[in-house]
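Presented below is the structure to which this report refers.
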Amino acid sequence: MDHHPTNWGRPRDDRVDPYGTFPIHARPRPAKDVFADGVQRTQQPIVTGTSVIGLKYSGGVMLAADNLASYGSLARYKDVQRLHPVGTSTVVGAGGDMSDFQHLQHMLDSLVTEEFTYDDGNKLGPTEIYEYLSRVMYGRRSKMDPLWNALVVGGVKPNGESFLGYVDLLGTTYQSPTIATGFGAYIAQPLLRNAVDERPDPLSEEEAVKVIQQCMKALFYRDARSLNKYQIAKVTSEGVTISDPLEAPTVWGFAEGIRGYGAQTQ
Amino acid sequence: MTSIGTGYDLSASTYSPDGRIFQVEYANKAVENAGTAIGLRVKDGVVLAVEKIIHSKLLMPESNKRILTIDRHIGYTSSGLLADGRQLANRAREEAQSSRDFYREPPTLKAIVNRLSLFVQAYTLYSSVRPFGCTSLLAAVDKHGPGLYVIEPSGISLGYHGAAVGKGRQLAKTELEKLKLSELSMREAVFEAARIIHLVHDDAKEKDFELEMSWIGSETNNVHLPVPKDLFLEADRKAREALEEDMED
Amino acid sequence: MSAQERRFNPYTENGGTILAIAGQDFTVIAGDTRQSEGYNIQTRYAPKVFRLTDKAVLAVNGFAADGNMFVQKVQQRLEWYQHAHNKEMPLRAIARLIQTMLYAKRFFPYYVYNILGGIEDDGSGAVYSFDPVGSYEREACRAAGAAQSLVQPFLDNQIYFKNQLPPSGGAHPKHLPLKEVLSLVIDSFTGATERHIEVGDGLEIYIVTASKRPNADLEAIANLKQVPGGFIGGEDGEKIYVVRRELKKD
């Protein structure tokens, strides 16, 4: 983090002087300031969220994301909800740029409000929200002005079937029984597939929570941009519930014995 | 009206010598002859009720709703030219949405009413347009609590505890004045509203009508919703019974 | 780091392979169902082959987001054509439409390789293949996508009989029967699945048959399903079938 006031509000550049160790005049600068061109479209994410994971289970769909919004490698905001309920049967989880996600939340809320005012009994389900988001994301990437996010849409359709889909900043879409974005694609996706794909019958709610907890713990251990404080969203035919922040029990005792950690330096 | 036929009523942009704008007054006439609409602002919410005149037996029951939703927390109904009312409702929806875009919070009813009445007033200024032939009732619960406003064709907007517009307004106002509105619950207000609409409807002169009611407040988690079916039917039945008792007296 | 390098890249590659083979009175269009990015399998079932009309099927491969959008736009144009002319667009016209639509985005292309298969107005099976900016030609067979370089030479050898001598005194057959074409398709994909990491999971084979074709040879095919459609040609018209098979998932 660059603590010098002249650099407040400017995106850091990890590659040069990450700890602000040089005097101002001698400070190495990126070849070009990211704000140099005046108003710029998002060409890199600034305040970011990490992985979102999701899976289908017998009662519906479960999503999880931690509560951290990072500013580069700085753990900047530690109480950010990255799971957003839309209507009564959908949840959208987001990684990537948090300001772009807030913009999306507002768009979705407006959409739901507009639909409500029509008062015609029509409700937006997860498929409609997914389609809308994929059009918005693809439209923005086609304008070369992307919304820098990876989104997971989970929900229950009016016919009772559960839905789980992915959309990202390129407009790439897919649906799958398990989804993990970002670093989670490497750490959590194998665990999720092990739990879901290898079984003939769907997981129970208890089993699903267990797998999610296992994934979030693994992510906290291995993802340097993660936080051991996360929320689980459940969507069933009863509606949407988002848990209070949870914590995974972790063990760090082994670190004491490893050379290079803690008090032991040699 | 003495000045009729003198040519001062041809345009909304021309005053009569005694300072009146006849086009606006004619717009009020359109309201005075239309189905009654009332609003009750009570302790914990607001109730809207309209007497929807059924022009044809071929119309589907419960179709062509007269009470509309502007935002999650704002209800709207009008008396007068229905098409003008719909136009204003859509305008109000746009205002509510743009307020949300700008301030990222639910708009106050006053903010929407102010914007909407400016819009209505603009239609009293030009010869090229006709003033709106409807009076609007807006009901909401916002951060200041329950609110009920009326916007007239002139663009005047006023807040009320109880409001009545349309053909049966006089009798309805008399009935509203008898109530202790600020002590009523929403549920009680629903029964009063149904009773008043049934009371002011003139069976002899008028065509058939359909009662329509919505509410917003503590009962609805501050969301504008139609009055639930069972409560509606009960209120409707009680209103009819009360009317018959009066006849017998 | 220059601004050029930091520029947002609006494209990616999503792997997979498609192919189509034309017979005398049928066409087979197939694709695997894996969608991937880098070394990650995103999903094991994302269709790349789509019914357009009762006699046309389109396979798309490359950048999945562009592919899906392109298919939707083609389908919309075909619907408008039907409303305007009260008939389905002929295959050669669909091919030209696709070239026009691709070329219209010449300077911000759909990063997609298209293969169109179906039945021409004269009843013959046909395959049209396209590059991302609209160059196209009619062919007897074509493979595209991640494993194009594995599958196309195999098809050249087995369909066009390249590097094969004709039997003495005879000639190579002009068209292969459906049964043989299907086993070539299946072999192509099992082979591609073995040797290419981006190919696998599932296989979708579409079969378009010409009107009045005696479809008795279809009965022997396992897991065959007719694809519901407009059936403008009636009982005798062109028909579309699909066969879904598993591929290795590793």
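The values are calculated or read from the model by the stated rules, or taken from the named source; none is laboratory data. Keep in mind that this is a model prediction, so the values were computed, not measured. Note: ideal-geometry Cβ built from the backbone for every residue, glycine included; neighbour counts use all protein chains shown. Heavy atoms of the whole protein, side chains included, go into the accessibility calculation; ligands, DNA and RNA do not. Shrake-Rupley method; radii C 1.70, N 1.55, O 1.52, S 1.80 Å.
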If you go through the range B:218-230, how many residues are acidic (D, E) and either buried (at least 18 other Cβ atoms within 10 Å of the Cβ) or closer than 18 Å to B:T69 by Cβ (or both)? 1
Report, ordered by the first and then the second residue, all pairs with beta carbons closer than 6 Å, sequence separation of six or more or different chains, a first member in the range C:130-156 that is farther than 24 Å from C:I119 by Cβ, and a second member that is part of a strand (DSSP E or B). C:P132/C:V112; C:A146/C:T17; C:A147/C:T17
Selection within the range B:123-158 - open to solvent by less than 40 Å² (accessible area, probe 1.4 Å) and among the aromatic types (F, W, Y): B:F132
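Residue-by-condition table, conditions (1) closer than 22 Å to B:A164 by Cβ; (2) of a type in the set (V, I, T); (3) out of contact with any Phe, Trp or Tyr (no Cβ under 8 Å at 6 or more places or on another chain):
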residue	(1), (2), (3)
B:P107	no, no, yes
B:K110	yes, no, no
B:L116	yes, no, yes
B:F119	no, no, yes
B:T124	no, yes, yes
B:R130	no, no, no
B:L137	yes, no, no
B:D142	no, no, yes
B:G147	yes, no, yes
Name the residue, out of A:E256, A:E161, that is within 22 Å of A:Y132 (Cα to Cα), charged (D, E, K, R) and free of Cβ contacts under 8 Å to residues at least 40 places away in the same chain. A:E161
Condition first: farther than 20 Å from B:L59 by Cβ and surrounded by 14 or more Cβ atoms within 10 Å (Cβ to Cβ). Now tell me which residues in the range B:201-217 satisfy that. B:W215, B:I216, B:G217
Qualifying residues in the range A:103-125 (those that are more than 10 Å from every other protein chain (Cβ to nearest Cβ) and farther than 17 Å from A:N149 by Cβ) - the one least open to solvent (accessible area, probe 1.4 Å): A:G125
Has the range C:161-168 got any residue that is of a type in the set (F, W, Y), under 18 Å from the mean Cα position of the chain (by Cα) and modelled with pLDDT of 95 or more? no
Is it the case that A:M98 is at pLDDT below 95, open to solvent by 10 Å² or more (accessible area, probe 1.4 Å) and either more than 14 Å from chain B (Cβ to nearest Cβ) or under 19 Å from A:I179 (Cβ atoms) (or both)? no
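Let's see how each residue does on (1) at pLDDT below 60; (2) exposed (fewer than 13 other Cβ atoms within 10 Å of the Cβ); (3) under 30 Å from A:S162 (Cβ atoms):
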residue	(1), (2), (3)
A:Y19	no, yes, no
A:G49	no, no, yes
A:S58	no, no, yes
A:Y71	no, no, no
Inside the range A:135-157, can you point out the residues that are touching a Ser or Thr at 6+ places or on another chain (Cβ under 7 Å) and within 8 Å of chain C (Cβ to nearest Cβ)? A:P146
Considering residues that are open to solvent by less than 10 Å² (accessible area, probe 1.4 Å) and touching a Pro at 6+ places or on another chain (Cβ under 8 Å), the number found within the range B:75-106 is 1
Any chance the range C:177-197 includes a residue that's out of contact with any strand residue (DSSP E or B) (no Cβ under 6 Å at 6 or more places or on another chain), loosely packed, with under 11 Cβ neighbours inside 10 Å and within 23 Å of C:E139 (Cα to Cα)? no
Please work out which residue is nearest to C:G134 (Cα to Cα), limiting yourself to the range C:59-87 and to residues that are aromatic (F, W, Y) and open to solvent by less than 20 Å² (accessible area, probe 1.4 Å). C:F70
State all residues of the range B:128-159 that are of a type in the set (S, T, N, Q) and in a strand (DSSP E or B); if no residue qualifies, say none. B:T135, B:S136, B:S157
Name every residue in the range A:194-205 that is within 14 Å of another protein chain (Cβ to nearest Cβ) and surrounded by fewer than 18 Cβ atoms within 10 Å (Cβ to Cβ), in order of residue number. A:N194, A:D197, A:E198
Top-ranked residue in the range A:158-191 [being of a type in the set (F, W, Y) and at the interface with chain C (Cβ under 10 Å from one of its Cβ atoms); ranked as farthest from A:C215 (Cα to Cα)]: A:Y174
What residue, of C:R51, C:R44, is within 11 Å of chain A (Cβ to nearest Cβ) and open to solvent by 40 Å² or more (accessible area, probe 1.4 Å)? C:R44
Which pairs have Cβ atoms under 7 Å, sit 6 or more apart or on different chains, and link a residue in the range B:83-99 that is at pLDDT below 95 to one that is in a helix (DSSP H, G or I) and not aliphatic (A, V, I, L, M)? none
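Every residue, every condition in (1) under 17 Å from C:V28 (Cβ atoms); (2) in a strand (DSSP E or B), yes or no:
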site: C:D187; (1), (2): yes, no
site: C:I205; (1), (2): yes, yes
site: C:K225; (1), (2): yes, yes
site: C:G233; (1), (2): no, no
site: C:G237; (1), (2): no, no
site: C:Y241; (1), (2): yes, yes
site: C:K249; (1), (2): no, no
Result of the Cβ filter at 7 Å on the range C:61-88, keeping first residues that are within 14 Å of chain A (Cβ to nearest Cβ) and of a type in the set (A, V, I, L, M, F, W, C) and partners that are part of a strand (DSSP E or B) and surrounded by 12 or more Cβ atoms within 10 Å (Cβ to Cβ), at least 6 apart or interchain, is C:F63/C:V112; C:A64/C:Q35; C:A65/A:T173; C:F70/C:V60; C:F70/C:V112; C:V71/C:F50; C:V71/C:L58; C:V71/C:V60
Determine, yes or no, whether B:K178 is touching a residue at least 60 places away in the same chain (Cβ under 8 Å), farther than 21 Å from A:T117 by Cβ and basic (K, R). no
Any chance the range B:160-175 includes a residue that's part of a helix (DSSP H, G or I) and aliphatic (A, V, I, L, M)? yes
Matching residues in the range A:206-228 - criterion: being open to solvent by 60 Å² or more (accessible area, probe 1.4 Å) and within 28 Å of A:S73 (Cα to Cα): A:Q213, A:Q214, A:K217, A:Y221, A:R222, A:A224, A:R225
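Per-residue answers, yes or no, for (1) among the basic types (K, R); (2) over 19 Å from C:A20 (Cα atoms); (3) surrounded by fewer than 17 Cβ atoms within 10 Å (Cβ to Cβ):
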{"site": "C:Q99", "(1), (2), (3)": "no, no, no"}
{"site": "C:L102", "(1), (2), (3)": "no, yes, no"}
{"site": "C:R106", "(1), (2), (3)": "yes, yes, yes"}
{"site": "C:P109", "(1), (2), (3)": "no, yes, no"}
{"site": "C:Y113", "(1), (2), (3)": "no, no, no"}
{"site": "C:P132", "(1), (2), (3)": "no, no, no"}
{"site": "C:G145", "(1), (2), (3)": "no, no, no"}
{"site": "C:S149", "(1), (2), (3)": "no, no, yes"}
{"site": "C:L155", "(1), (2), (3)": "no, no, no"}
Which one is surrounded by the fewest Cβ atoms within 10 Å (Cβ to Cβ) among residues in the range B:31-74 that are more than 14 Å from every other protein chain (Cβ to nearest Cβ) and of a type in the set (D, E)? B:E32
